[in-house]
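Visitor: My structure is below; once you've seen it, I'll send some questions.
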Amino acid sequence: MFKIAVLGDRESVLGFKALGLEVHSAETAAEAKKTLHALAKDGETAIIYLTEQYAAEMTDEIAKYKDQVTPAIILIPGKSGSLGIGMKNITDSVERAVGADIF
């Protein structure tokens, strides 16, 4: 059975534990990179929710998994709010799939 993981700073991801998701907190972007790669390699994690604050510093790592079926990396706002990166990624993906910006 596949798992869903949440990765980010402690304050941003701790609440997801109440929903039964696998929570991974990281103190730095470098630590988050290591955790992201470990989750992707385990073969059991289908979805990784990643805070936008760390995603901003990990664009190359996220790009490696962009065209893979698993894990799907979905960006979520962190404790300091949205940076707009997640919405831009969704818009880009829809535009790639549909051929036009429908938003």
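Visitor: By how many degrees, between 0 and 90 and to the nearest 10, does the Cα long axis of helix 29-41 differ from the longest principal axis of the chain?
Guide: Once rounded, one gets 80 degrees.
Visitor: If you roll a 1.4 Å probe over segment 3-98 with all protein chains in place, what percent of the accessible area is carbon or sulfur?
Guide: Working: 3030 of 5550 Å².
Carbon and sulfur: 55 percent of the exposed surface of segment 3-98.
Visitor: Can you tell me how much longer the chain between D60 and K88 gets when fully stretched, taken as 0.36 nm per residue apart minus their C-alpha distance, in nm with one decimal? Each step should come with its number before you reach the end.
Guide: Numbers: separation 28, 0.36 × 28 = 10.08 nm, distance 1.62 nm.
8.5 nm is the gain from fully extending D60 to K88.
Visitor: Accessible area per residue of segment 3-98 at 1.4 Å probe, in Å²?
Guide: Details: 5550 Å² over 96 residues.
Dividing the accessible area of segment 3-98 by its residue count gives 58 Å².
Visitor: Another one. Roughly how many debye, to the nearest 20, is the charge dipole of the chain about its Cα centre, given +1 on each Lys and Arg Cβ, -1 on each Asp and Glu Cβ, and no other charges? Walk me through the intermediate numbers first.
Guide: On the way: 11 positive and 15 negative charges, 35 e Å.
Dipole magnitude for the chain comes out near 160 debye.
Visitor: Here is a follow-up. May I ask for the longest run of the chain untouched by trypsin sites (Lys or Arg not before Pro) that are loop-located per DSSP and have at most 13 neighbouring C-beta atoms (other than their own) within 10 Å?
Guide: On the way: sites that count: K66, K79.
The longest such stretch corresponds to 1-65.
Visitor: Turning to a different aspect of this structure: Specify which residue in the list Q53, T35, A100 is farthest towards the positive end of the charge dipole of the chain, using unit charges on the beta carbon of Lys, Arg (+1) and Asp, Glu (-1), about the Cα centre.
Guide: Of Q53, T35, A100, it is T35.
Visitor: Using just the helices of the chain, give the 222 nm mean residue ellipticity in deg cm²/dmol: DSSP H runs with n ≥ 4 each add -39,500 (n - 2.57), and the total is spread over all residues, rounded to 500.
Guide: On the way: 5 runs with 41 residues, N = 103.
The helix contribution divided over the chain gives -11000 deg cm²/dmol.
Visitor: How long is the chain along each principal axis, judged by its Cα atoms, biggest number first, in Å?
Guide: 37, 32, 26
The values are calculated or read from the model by the stated rules, or taken from the named source; none is laboratory data. Treat the numbers as computed from the prediction; the structure is a model and nothing was measured. Methodologically, a virtual Cβ is constructed for each residue, glycine included, from the backbone with ideal geometry; neighbour enumeration extends over all protein chains shown. Just so you know, the surface numbers come from the protein's heavy atoms only, side chains and all, with ligands and any DNA or RNA stripped out. Shrake-Rupley method; radii C 1.70, N 1.55, O 1.52, S 1.80 Å.
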